Amino acid sequence: MARLKILQCMAGAVYGGAETAFVEMCLALHEAGQHIEVATRPHATRVSRLEQSGIRVHPLRFGGAIDLHTPLRLRRIITDFQPDIVQTWMSRAARKVSRWNPRKGISPYLVISRLGGYYKLKNFTSTDYFITNTGDIRRFLTDQGVAENCVTHIDNFTEADAPAGALKRSELDTPEDAPLLLALGRLHTSKAFDTLLRALQDVPGTWLWIAGEGPERNVLHRLTAELGLLERVRFPGWRDDRADLFQAADVCVVPSRQEPFGNVVIQAWAHRIPLITSTAKGPVQYVRDGEDSLVVGVDDVKGFSKAINRLLADRKLQAKLVEQGFRRYTQGFTREQCVANYLHFYHQCLARTSHRATGPSPDP
């Protein structure tokens with residue numbers, strides 16, 4: 001396949017699963033030999049990681065409706081870079097990118113929007129093609145009139161990073177011999193960490209790490225105190241040493257209320273740790289209860305308590321979930337598979353829309 005020039009665009013928060021997936025996808029495509037440039041907000045950690053890998057980054061504001069500077073800068077970046085593809089992530093970046101127009105004197109390009117949630121199509125009037133990270137989001141788009149051949153489903157990927165071994169439980173004031181649960185994600189109501197805290201009350205002698213940052217940090221701290229769990233719960237903040245976190249813990253729990261995909265699920269599989277997840281729309285599309293995870297209803301406090309106690313007491317079940325989960329990871333969620341699927345779709349779209357001027361797009 002010919003080498004492509006791809007401009008990746010994302011506004012994004014400082015921390016988050018989508019933001020992490022964005023960076024990892026940019027790095028994966030770059031390392032696969034594609035010519036990648038990035039337009040994103042100037043969040044130091046994200047920009048530094050991309051630039052250290054040799055990717056040129058254009059820091060942009062990606063503000064609201066009155067932000068006229070970002071669309072103008074994007075137009076200049078596109079003119080200078082002359083990409084084959086401009087890929088947007090989530091809705092804000094999509095609103096700032098213009099569809100190719102021959103009258104503007106810019107080399108032809110396609111706009112491909114990657115969706116990890118159920119966004120309003122009015123935000124994607126410049127989009128030619130779509131990539132979704134679940135089959136349900138793909139159905140969401142086609143149900144609203146997006147042509148079947150204009151949208152594809154490509155799963156997220158993760159990597160089974162080798163733990164550095166630098167993280168000790170003692171650093172987070174956690175006993176070495178205590179059962180330890182791990183939850184990761186943005187501290188937001190959608191992640192339902194409050195449900196997990198309430199469930200922990202009926203799991204005596206077990207510690208919990210909730211790694212992440214977000215608007216619910218103070219609320220969760222207060223709830224932890226109200227439930228009398230301060231001794232057994234730790235909030236280590238947003239961490240980049242995921243492999244060390246997984247290695248230190250005994251069980252990973254994903255209690256989300258709303259989760260379009262659920263990156264932590266495949267991360268747990270890749271790092272060979274037994275998993276408990278909720279029936280949130282994303283995970284329930286691909287987990288298998290009793291095979292590669294235990295599945296509990298959303299906000300079912302007693303159900304989570306029961307599942308945690310059951311799993312901690314059954315080493316054979318733990319081993320089964322780990323074995324089957326790792327198999328699921330290797331069969332569909334590796335970097336190599338994801339990159340190959342992206343490149344296949346890119347080239348398919350470019351071949352189909354040879355003129356790249358009036359590519360398919362949903363009605364607003």
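Rule-based calculations on the coordinates, nothing more; no lab input. Here the structure is a predicted model, which is why all the values come from computation and not from measurement. We place every Cβ from the backbone using ideal geometry, glycine too, and count neighbours over all the protein chains shown.
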Original post:
When a footprinting reagent is the concern and you count Cβ atoms within 10 Å, what order do TYR119, TYR109 take, fewest first?
Top reply: TYR119, TYR109
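First check a/c for the range 253-364, with a ≥ b ≥ c the square roots of the eigenvalues of its C-alpha gyration tensor; if it is under 1.5, answer rounded, and if not, answer prolate when a/b is larger than b/c or oblate otherwise. Present the calculation step by step, with values, prior to reporting the outcome.
Details: a/c = 4.76, a/b = 2.03, b/c = 2.34.
Because a/c hits 1.5 or more and a/b fails to exceed b/c, the range 253-364 counts as oblate.
With the contact rule set at Cα under 8 Å and sequence spacing of 6 or more, what percent relative contact order holds for the chain?
Numbers: 679 pairs, mean separation 58.6, N = 364.
Once normalised by length, the contact order is 16 percent.
What is the order of PHE333, PHE130, fewest Cβ neighbours within 10 Å to most? Let's see the in-between values first.
Working: PHE333 21, PHE130 27.
The order, fewest Cβ neighbours first, is PHE333, PHE130.
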Original post:
What whole number of Å gives the distance from the Cα centroid of the range 134-150 to the Cα centroid of the range 23-49?
Top reply: 27 Å
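Starting from the Cα gyration tensor of the range 169-332, take the square roots of the eigenvalues, sort them a ≥ b ≥ c, and report rounded, prolate or oblate (rounded when a/c is under 1.5, otherwise prolate if a/b is larger than b/c, else oblate).
Details: a/c = 1.42, a/b = 1.28, b/c = 1.10.
It comes out rounded by the Cα gyration axes.
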Original post:
Given Cα pairs under 8 Å that are at least 6 residues apart, what percent is the relative contact order of the range 169-332?
Top reply: 23 percent
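Give me the percent relative contact order of the range 1-140, please, defined on Cα pairs under 8 angstrom at least 6 residues apart.
22 percent
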Original post:
Which value at 222 nm does the chain reach when only helices count, each DSSP H run of 4 or more adding -39,500 (n - 2.57), with the total divided by all residues and rounded to the nearest 500 deg cm²/dmol?
Top reply: -11500 deg cm²/dmol
Original post:
For MET10, MET1, MET25, what's the fewest-to-most ordering of other Cβ within 10 Å of each Cβ?
Top reply: MET1, MET25, MET10
Original post:
Between the range 94-118 and the range 291-316, what's the alpha-carbon centroid distance in Å?
Top reply: 44 Å
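First check a/c for the chain, with a ≥ b ≥ c the square roots of the eigenvalues of its C-alpha gyration tensor; if it is under 1.5, answer rounded, and if not, answer prolate when a/b is larger than b/c or oblate otherwise. Please list the in-between numbers first.
Numbers: a/c = 2.05, a/b = 1.89, b/c = 1.08.
Prolate, since a/c reaches 1.5 and a/b exceeds b/c.
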Subject >> 0 to 90° range, to nearest 10: angle between helix 315-332 axis and the chain longest Cα axis >> reply: 10 degrees
**OP:** Please name whichever of THR330, TYR129, LEU200 sits farthest to the positive end of the charge dipole of the chain, dipole taken about the Cα centre and charges placed at Cβ: Lys and Arg +1, Asp and Glu -1.
**Re:** TYR129
